[in-house]
Amino acid sequence: MSFLYNIGIKLVHFSLKCAAFFNKKIELGVKGRDQTFSTLEKHINGQEKTLWFHCASLGEYEQGLPVFQALRKHYNDHKIVLSFFSPSGYEIRKNTPVADIVIYLPLDTKKNAKRFINLINPELTIFVKYDIWPNFLNELKQRKLKAILISAIFRKQQTYFKFYGRYLKQALFTFDHIFTQNETSKNLLHTINYNNVTVSGDTRFDRVYSQLKIDNTLDFIKNFKDNKLCIIAGSTWPEDEALLIKFINATALKDIKFIIAPHNIKSQQINHIQEKLNVKSILFSKKDHAHLQESNVFIIDTIGILSKIYNYADVAYIGGALGTTGLHNTLEPAVFGIPIIIGNNHNKFPEAQAMIEHGGMFSISNQNEFNTVLNELIENDFKRKQSGNSNTQYVIKNKGAVIQILDYLRI
């Protein structure tokens, strides 16, 4: 299996090089990985104490952030290396203050792993959720360097639990400890005789709860809302936007404001939304030269402020689950005590299942269901507030994973 895995990695390398000619995002990753070792050699002298944090992409970064922040504060004499596999994480968080060096993770070959670990020699390594790379982890294990996996979640269908998954299964045993999100994941690890495991929950609950401790004021959103009911649609895809546009056009005469934050902020997609709307809309990029109160729809054609915008929502719609791209972050709006509507493809998202069961989230699969649910939440103040409060209580009940992880690390 080791031989096949390493052949597979080389094929991935070749495929990415070819695909980079046609895909800008892949090109960013390929070019970024080509610079990783020179960046490390420039910024690490070999005598410094280091920590290594690794995330697949932006979602895993946000998940691990409360742990990273705590370690940054505690290990203030260490140099921290943060790696990403995806451009979606690196390009947005390459200047994060939580790390001294932010890089793309080189492809998981034995040669890269040896060179990488030789350069950083981390006192502690933290992987987040599921981005598990055997060659890097084996190199850490051989050198007796500590590594943990946090916010892990496993499913029976994964390769680790199949007869042919021996090599990847062995990679799990390189971790000194694994912190899982739920009991199911812990029990699956027990079936392969991995026992250094703790059910700590999902660190995202700590992450979103910390949002309440900062100033979430955005004067331009306050001016746009103008004390009216506000529906916020976050991380939307075309299939989500189609529902929203029809609903907005049908309710144009009602005193309701809408904010749409598309996942794809390319001008072509933004223009399509504006062209389909029959009401007045304004872009974030043009807000400084507009009378915000006069617009019905505010389109956020930027990144990095959505978590604060949710502070102004009365109802939220979160994209990704109506199609096949995957449900986006529903905990960010939940912490502000607002009801949430999502699509029907949410089976792999336990937090969505739980909030639906508790009455704070509503799943829809078509325009009629969307209209019915949203109209009821608009018109029924009691249900809207009750549902929103259910979501807040759910977040509060499930925070605390960070404390357990730091306790294990004796911090």
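Data for the structure
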{"item": "Computed label-point distance, nm, for sites Ile403 and Asn95 using a 7 Å Cα→Cβ extension", "result": "3.6 nm"}
{"item": "Filter on Lys25/Lys156; Lys42/Lys129; Lys222/Lys257; Lys276/Lys383; Lys129/Lys156; Lys156/Lys348 - keep pairs with C-alpha separation over 20 Å", "result": "Lys25/Lys156; Lys42/Lys129; Lys276/Lys383"}
{"item": "In Å, descending, principal axis extents of the Cα set of the stretch 1-109", "result": "42, 29, 27"}
{"item": "Tilt relative to the chain, helix 24-34 - C-alpha long axis, 0 to 90 degrees, to 10", "result": "30 degrees"}
{"item": "Filter on Lys31/Lys162; Lys246/Lys385; Lys225/Lys286 - keep pairs with C-alpha separation over 28 Å", "result": "Lys31/Lys162"}
{"item": "Local electrostatic count, Thr109, Cβ distance below 15 Å [Lys/Arg +1, Asp/Glu -1]", "result": "+4"}
{"item": "Portion, in percent, of the accessible area of the chain that falls on carbon or sulfur, probe 1.4 Å", "result": "50 percent"}
{"item": "Kirkwood hydrodynamic radius of the stretch 300-400, Cα pairs, Å", "result": "13.6 Å"}
{"item": "Pairwise Cα inverse-distance average, inverted: Kirkwood Rh of the stretch 245-355 (Å)", "result": "15.1 Å"}
{"item": "Approximate shape of the stretch 305-358 as ellipsoid semi-axes (Cα gyration tensor, √5λ), whole Å, largest first", "result": "18, 13, 9"}
{"item": "Accessible surface, 1.4 Å probe, highest first, among residues Lys222, Lys397", "result": "Lys397, Lys222"}
{"item": "Charge context of Asp77, other residues only, Cβ under 13 angstrom, K/R +1, D/E -1", "result": "+1"}
{"item": "Projected area averaged over orientations for the stretch 243-301, convex hull of C-alpha atoms, nm²", "result": "3.8 nm²"}
{"item": "Length added when fully stretched, Asp215-Phe382, from 0.36 nm per residue minus Cα-Cα", "result": "57.4 nm"}
{"item": "At most 15 other Cβ within 10 Å, DSSP loop - trypsin sites (Lys or Arg not before Pro), the stretch 242-331", "result": "Lys254, Lys266, Lys280"}
{"item": "Förster radius 30 Å - calculated FRET efficiency between Ile396 and Gln367, Cβ distance, rounded to 0.05", "result": "0.30"}
{"item": "C-alpha center-to-center spacing [the stretch 314-337, the stretch 28-77] in angstrom", "result": "28 Å"}
{"item": "For the stretch 145-282, alpha-carbon Rg and Dmax in angstrom", "result": "22.9, 63"}
{"item": "Pairwise Cα inverse-distance average, inverted: Kirkwood Rh of the chain (Å)", "result": "22.9 Å"}
{"item": "Residue among Leu189, Val279, Ala113 farthest towards the positive dipole end of the chain, charges placed on Cβ", "result": "Ala113"}
{"item": "Simple label model, 7 Å out from Cα along Cβ direction - Glu27 to Arg410, nm", "result": "5.1 nm"}
{"item": "Charge sum, other residues only, whose C-beta stays under 13 Å from Gly64's C-beta, Lys/Arg counted +1 and Asp/Glu -1", "result": "0"}
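The values are calculated or read from the model by the stated rules, or taken from the named source; none is laboratory data. Model, not experiment: these values are computed from the prediction. With ideal geometry, Cβ positions are generated from the backbone for all residues, glycine too; neighbour counts draw on all protein chains shown. The protein model used for the area step is the full one, side chains on, heavy atoms only, and it has no ligands, DNA or RNA in it. Shrake-Rupley method; radii C 1.70, N 1.55, O 1.52, S 1.80 Å.
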